[in-house]
Every structure is written in structure tokens, then in C-alpha cells.
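Notes follow the structure.
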Amino acid sequence: MLKTVAKSGNRYWNNVLRLVTKNNSHQHSLNTSSSQNHQYQQQEVESDQHISSGTPRFYYKPITNSTSTPSSINSSKKKSNSDFFKFEYSFASFVHHGRGSSKPLISSLMDLTDSSNNLSLLPRRRLYGNPIETLSIKNGDDAMIVSPNLIGVADGVSGWSGAHANSGLFARSFLENISRNFSELSFYNSNDLSKIKESDLSNNLDYAYKDSLQIMKNDNFNGSSTLLLGMIIDKNLKIMNIGDSKIFIIRQGKIVKTNKEQYISNFSPEQVGTTIKTEKLPSSVVQFQDFPLEQDDLILICSDGVTDNLYQDEILDIIMGKLNKDLTNLQEVSNHLLYKTKNIAYDNYCVCPYVEKVNELSNQFITGGKLDDISICISKVMLNE
């Protein structure tokens, strides 16, 4: 039996080697290809070590200016006229609903097109593009995706109870699957991104949801999540929203665009998840909005951990009060907004938007901030040069 397994394993890896060799031989000789692959693997290990080591408690400053292009497909891809803008991003996080961990978990989504890595041949694990430019952040029951053309937050609903409750896993799986699907969609429409339709995005949201649902069911977990995405398509921002997370587009010191929250009831946001009440296709509830972008627009996406504690005008004042004239201190601004939000969340005597809503609906008067996971991403719109 052991010999049979060994032979079967050898056949698998021999097939993998043949695929790798075949993929590289049409451009380079075997020796040249092996040398380039070895160089990329070293870069990848160094990047992963940098990401996983010394992660601060509340935030992490991502590397967004990589000079290497690990994918042979990407290196041969010409820049499309549709790739007009990109994000320069920063983010900050605070864990309240931590499952044994008080620190955000940050990881890169690797390059699906790098045939030098055997994992790239496995089904749909990896992403097109630079492995350190797309980051997945697990933050308690929240999750975030940040990349040069897609930013998003999924707020795992914390009302689930029991040993099988895991909204954080659902939120992260949902976002990562969406990121991979949208990345492939952009790649195959790279000559003209304006061809991407809302129906394409809706279908890919549904595919990501079904994949995430299967992961949850395989491990007998339950959970649900909201969703908010901002994706650059052509010269516009495509906003996709399910639930109560918020996006604010700031131009010349003013909020020029935001989204409307969706609620099932007064304190229950619209969501998708694993039970009869939440097991609905995202395409049936998602709200789409388009907004034309301009260079140096600032885009804030955040979970309700921010907007339950801070009013909209406070958020704007905090950002503009910390931002320098060159718009180059985004990470400092994200950290400062997190600091201000936490101050309110831990204040037992303040009045915040969440408490104001409770008082209005219950005819009571209570005070204090709302403790929750806090997820913040502030991005600047730049020319994609």
C-alpha cells in the first residue's frame, strides 16, 4: 500500500514538473528559466517573512512599491489605456472580537500565474498580480482586502453564538474569493476594462459566496457578513455594498460621495451567510454605485466600528486635520483615526451615533461608546504610470 501511494505521489509531482517545464520552455531555455524561478522564490520568501514578522498590534504599513514582476504573463502584459488610476493605500485595525488573538492577521495573496511554484497549479488558491500588493487582513470578525485597484471590508456579524460560530472565517473567505474572482475578471478584460458589466460582478460575487459557503459547511461553521467594495474600473470607482459598512470619498476637503446603509431591522444590517435567513445570493441584495474619480481623491472605507462611534463630520475633521498638504502621510492619518475611534469606544460617558440611535428607539438615555472590531482603509487615487 505504501509503495502504491509513493508511486502515485511521484506521478503527480512528475506531471507538475512537466507542466512547469512546458510552460517556461517556449520563452527561455531550461537553465535560464530555473535561474529566474529561483530568484523569484527568494524574493517571495523575503516578502512573506517581512509581512509576518514584527506586526504591530493595531496596524501594519504595507509595501506597495515592488519593483519585481514575478509573473511571466504579467510581465508581457501591456498597460491598458483603461488602467488610468490606482490606489495608494494605508490601513489600521483594532481587534475586539478576537478568537484567542488580539492582533490582526495579515497575509499576502500570492500570484496565480507563477508556474515556478507548484502551489500555483492547485485549484484557485492564488491571485493574478504582485504577491505583496494584495493583502488580506483578518481583524477579529472583520476582514479587509487592500490592493492597487480593489479595496474592501467585510464585517462578520458578531451575534452568532456557540462553538460553531465563526463569522470572521466567513468574512475573510468571502473577501479573498471575491478578490481572486475580480482579479481574473480584470485580467481577461485588460484591453478594455469598461467592458466589465455589473452582471459580471454580480455573478462573481455569487461564485465567491458559494465557495465560501462550502468552506463553512465542510467545517460545520456558521456565520454571516456584510460587504463593502470599491473597485477601479476605467476612470470610475464601482461601489458594491451589502449592509452597514461605509465609504467616504473626499475631494478638496469635502465628502462628495458616501453610501446608504442597508438594514434588515433597526440593529441588524443586511448580510449574507450560512443560515436560512442569511443564505441568499449577494446579487439579490447588493447595491451598485458608480462615481467618476479624480487624481488625489481620498477614499475611506470602514466597518461600523468607526461610524458607530464617530459622526461623519468628526471623521472628516480628524482626517483633514492630520493630513499633510502633499497627501503623503496616509498611514499616519489611518492610525490617528483609529486612535480617535478607540478613545470614543472606551469612553463610558460620551454620546455617539450608536447610543443616540438606541436612545431614540428605546426612550432611554444611556451614554458610552460602542466596543467593536475597527477596520479602516484610507486610499489616495493616483495616476497609474
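Every number here is computed from the coordinates shown, using simple stated rules; none is lab data. Fair warning: this is a prediction, and the values are worked out from it, not measured in the lab. So basically every Cβ, Gly included, is an ideal-geometry build from the backbone, and we count neighbours across all protein chains shown.
For Thr134, Thr367, what ranking results if the residue with the fewest other Cβ atoms within 10 Å of its Cβ goes first? Walk me through the numbers on the way to the answer.
Details: Thr134 25, Thr367 12.
If I rank by nearby Cβ atoms, fewest first, I get Thr367, Thr134.
What does the charge add up to near Gln252, with Lys and Arg as +1, Asp and Glu as -1, over the other residues with Cβ less than 12 Å from its Cβ? All intermediate terms of the calculation are to be shown ahead of the outcome.
Details: positive: Arg251, Lys254; negative: Glu294, Asp296, Asp297.
Around Gln252, the surrounding residues sum to -1.
Out of the chymotrypsin sites (Phe, Trp or Tyr not before Pro) in region 304-385, which ones are loop residues according to DSSP with at most 14 other C-beta atoms within 10 Å?
On the way: sites: Tyr311, Tyr339, Tyr346, Tyr349, Tyr354, Phe365; in loops: Tyr311, Tyr346, Tyr349, Phe365.
Qualifying residues, ordered by number: Tyr311, Tyr346, Tyr349, Phe365.
Ranking request for peptides 180-191, 207-218, 251-262: highest mean number of other beta-carbon atoms within 10 Å first, then the rest in descending order. Present the calculation step by step, with values, prior to reporting the outcome.
On the way: 180-191: 18.2, 207-218: 16.5, 251-262: 13.8.
Highest mean packing first, the order is 180-191, 207-218, 251-262.
Label point 7 Å out from Glu198 along Cα-to-Cβ: which residues of region 252-277 have amide N under 20 Å?
Hits in region 252-277 for Glu198 at 20 Å: 257-263, 270-272.
Among rounded, prolate and oblate, which fits region 150-308 when a ≥ b ≥ c are the square roots of the eigenvalues of its C-alpha gyration tensor, a/c under 1.5 means rounded, and a/b larger than b/c means prolate?
Oblate is the answer for region 150-308, as a/c is 1.5 or above yet b/c matches or exceeds a/b.
Would you mind counting up the charge near Asn359? Only other residues with Cβ under 15 Å from its Cβ, with Lys and Arg at +1 and Asp and Glu at -1.
Details: positive: Lys357, Lys370; negative: Asp308, Glu356, Glu360.
Summing Lys/Arg as +1 and Asp/Glu as -1 gives -1.
Within a Cβ distance under 12 Å of Ser283, other residues only, what is the Lys/Arg minus Asp/Glu net charge? Show your work: numbers first, answer last.
Details: positive: Lys210, Lys280; negative: Glu198, Asp200, Asp206.
Once positives and negatives cancel, what remains is -1.
Would you mind computing, in nm to one decimal, how far apart the modelled labels at Ile264 and Glu360 are, each placed 7 Å from Cα along Cα→Cβ?
About 2.2 nm, to one decimal.
According to the Kirkwood expression over distinct Cα-Cα pairs, how big is the hydrodynamic radius of region 141-185, in Å?
Numbers: mean 1/r = 0.0897 Å⁻¹.
Over region 141-185, the inverse of the mean reciprocal pair distance is 11.1 Å.
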